[in-house]
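Colleague: My questions all concern the structure below.
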Amino acid sequence: MPNFQPENAVYRFAPSPNGFLHLGHALSAFLNHDMAKENGGRFLLRIEDIDRTRCTPQFEEMIYRDLRWLGLDWETPVRRQSEHFDAYRDALDRLRDMGLVYPAFLTRGEVKTRVTAYEAGEENWPRDPDGSPLYPDDDRRRNELERADLIAKDIRHAWRLDVTKAMAWVGKPLSWRETGTGHSETITADPAIWGDVILSRSDAPSSYHLSVVVDDALQGITHVVRGKDLYAATAIHRLLQKLLGLPEPVYHHHRLILGSDGRKLSKSEGSTGIAALREDGLVPADIRRIVGL
């Protein structure tokens with residue numbers, strides 16, 4: 001493996017307990033664990049359980065069981081996001097005080113209706129790298145009195161980052177250091193491709209984007225090793241790090257394990273689950289071979 005590790009390097013594997021771990025998770029966990037061990041660094045496990053409706057203690061326990069069976073060990077205590085909501089609220093409050101977030105009142109249904117009507121013509125609504133429509137600018141253009149009135153009426157809302165205003169606040173182009181290609185290179189970050197991302201919802205005090213950068217900073221993560229499906233999201237993460245004055249880790253986006261249909265594995269595909277493969281008689285060495293290690 002390429003040696004881009006400084007002294008005291010810290011890696012983390014951060015699954016969500018909303019399903020069983022599969023081969024894609026195994027690859028990411030192996031890479032983080034092995035890179036840490038080979039370079040005298042630390043390996044941490046983080047449980048990303050903000051979504052309290054889908055995350056369960058049973059799935060969390062299976063994460064521990066599967067990783068132990070794979071032969072991995074990690075530092076304790078394990079950080080569980082559900083125990084640190086205050087840290088994410090503090091970060092959101094800082095961005096709110098900076099005037100960089102706004103309350104967003106449109107429902108998913110309203111956004112879908114708007115997009116469908118627009119695309120009934122011959123133009124496509126702009127979409128983010130994941131294919132989701134960018135959020136309309138209605139709420140961003142509301143004045144403070146309108147926002148306060150809607151909030152006073154207890155209208156359900158999320159908090160979104162005003163990316164245009166945030167980039168103006170930063171005042172210069174953003175980039176990140178990427179080592180996933182086997183050598184170190186500088187990648188230009190373009191947060192605007194995501195539009196005004198959600199940072200907090202009425203049913204969740206933080207989004208993935210906000211909580212992951214806060215956690216990485218608080219845990220001293222120096223190297224973020226994760227799948228290529230999160231490559232584009234790094235642009236938003238670098239923007240949030242800059243706004244909040246957080247350190248910049250090195251990023252390493254690894255190849256994905258694909259299913260028979262050529263798509264990224266899903267937790268719903270039981271045949272690729274670590275537990276299912278263990279029950280079929282495979283051993284950890286088999287799992288390493290299957291994922292190409």
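The values are calculated or read from the model by the stated rules, or taken from the named source; none is laboratory data. Since we're looking at a predicted model, the values are computed, not measured. Cβ placement follows ideal geometry from the backbone for every residue including glycine, while neighbour counts extend to all protein chains displayed.
Colleague: Starting from region 68-83, keep only residues that are over 19 Å from Asn18 (Cα atoms), then list their pairs with residues that are surrounded by 15 or more Cβ atoms within 10 Å (Cβ to Cβ) and of a type in the set (Phe, Trp, Tyr) whose Cβ atoms are within a distance under 6 Å, requiring at least 6 positions of separation or different chains.
Modeller: From residues that are over 19 Å from Asn18 (Cα atoms), the pairs are Trp74/Phe43.
Colleague: Those residues that are farther than 15 Å from Arg80 by Cα, touching a residue at least 24 places away in the same chain (Cβ under 8 Å) and not small (Gly, Ala, Ser), I need them from region 188-209; list them, please.
Modeller: Step one: filter region 188-209 for residues farther than 15 Å from Arg80 by Cα, giving 188-203, 209.
Checking which are touching a residue at least 24 places away in the same chain (Cβ under 8 Å) leaves us with 189-203, 209.
Residues satisfying the conditions are Asp190, Pro191, Ile193, Trp194, Asp196, Val197, Ile198, Leu199, Arg201, Asp203, His209.
Colleague: Looking at region 190-225 only, could you name the residues that are of a type in the set (Asp, Glu) and buried (at least 21 other Cβ atoms within 10 Å of the Cβ)? Full working, then the answer.
Modeller: Keep residues of region 190-225 that are of a type in the set (Asp, Glu), which gives 190, 196, 203, 215-216.
Scanning region 190-225 gives Asp196, Asp215, Asp216.
Colleague: Which one is modelled with the highest pLDDT, of the residues in region 245-265 that are aliphatic (A, V, I, L, M) and surrounded by fewer than 18 Cβ atoms within 10 Å (Cβ to Cβ)?
Modeller: At the first step, the residues of region 245-265 found to be aliphatic (A, V, I, L, M) are 246, 250, 256-258, 265.
In the following step, the residues that additionally are surrounded by fewer than 18 Cβ atoms within 10 Å (Cβ to Cβ) were identified as 246, 256, 258.
Numbers: Leu246: 98, Leu256: 95, Leu258: 85.
Across region 245-265, the extreme among qualifying residues is Leu246.
Colleague: May I ask you to verify whether Ile155 is exposed (fewer than 15 other Cβ atoms within 10 Å of the Cβ), among the β-branched types (Val, Ile, Thr) and part of a loop (DSSP other than H, G, I, E, B)? Explain how you work it out, then say what you get.
Modeller: Details: exposed (fewer than 15 other Cβ atoms within 10 Å of the Cβ): yes; among the β-branched types (Val, Ile, Thr): yes; part of a loop (DSSP other than H, G, I, E, B): yes.
Judged against the criteria, Ile155 is a match.
Colleague: Something else: If I ask for residues that are assigned to a loop (DSSP other than H, G, I, E, B) and modelled with pLDDT of 95 or more, which ones from region 174-205 would you list?
Modeller: Hits for region 174-205 are Thr179, Gly180, Ser184, Asp190, Gly195, Asp196, Val197.
Colleague: Can you name the residue in region 178-189 that is surrounded by fewer than 15 Cβ atoms within 10 Å (Cβ to Cβ) and either polar (S, T, N, Q) or under 20 Å from the mean Cα position of the chain (by Cα) (or both) and is also farthest from Pro247 (Cα to Cα) among such residues? Give the derivation first.
Modeller: Quick first cut of region 178-189, residues surrounded by fewer than 15 Cβ atoms within 10 Å (Cβ to Cβ) only: 181-186, 188.
Going one step further and asking which of them are either polar (S, T, N, Q) or under 20 Å from the mean Cα position of the chain (by Cα) (or both), we end up with 181, 184, 186, 188.
Details: Thr181: 22, Ser184: 18, Thr186: 16, Thr188: 17 Å.
Top of the filtered list is Thr181.
Colleague: When you go through Lys242, Lys228 one by one, which is the residue that is at pLDDT 95 or above and surrounded by fewer than 14 Cβ atoms within 10 Å (Cβ to Cβ)? I'd like the intermediate steps shown before the answer.
Modeller: Values: Lys242 fails: surrounded by fewer than 14 Cβ atoms within 10 Å (Cβ to Cβ).
After ruling out the rest, the residue left standing is Lys228.
Colleague: Taking region 112-144 as the region of interest, how many residues are hydrophobic (A, V, I, L, M, F, W, C) and under 22 Å from Ala233 (Cα atoms)?
Modeller: The number of residues fulfilling the criteria is 2.
Colleague: Given the criterion in contact with a strand residue (DSSP E or B) (Cβ under 8 Å, 6 or more places away or on another chain), surrounded by fewer than 21 Cβ atoms within 10 Å (Cβ to Cβ) and not small (Gly, Ala, Ser), identify the matching residue among Arg12, Arg52. Steps first, please.
Modeller: Working: Arg12 fails: surrounded by fewer than 21 Cβ atoms within 10 Å (Cβ to Cβ).
Result of the check over Arg12, Arg52: Arg52.
Colleague: Quick check on region 50-72: of everything there that is modelled with pLDDT of 95 or more and in contact with a helix residue (DSSP H, G or I) (Cβ under 8 Å, 6 or more places away or on another chain), which residue is farthest from Glu279 (Cα to Cα)?
Modeller: Leu72
Colleague: Any residue that is touching a helix residue (DSSP H, G or I) at 6+ places or on another chain (Cβ under 7 Å) and either part of a loop (DSSP other than H, G, I, E, B) or polar (S, T, N, Q) (or both) - is there at least one of those in region 215-230?
Modeller: For region 215-230, residues touching a helix residue (DSSP H, G or I) at 6+ places or on another chain (Cβ under 7 Å) and either part of a loop (DSSP other than H, G, I, E, B) or polar (S, T, N, Q) (or both): absent.
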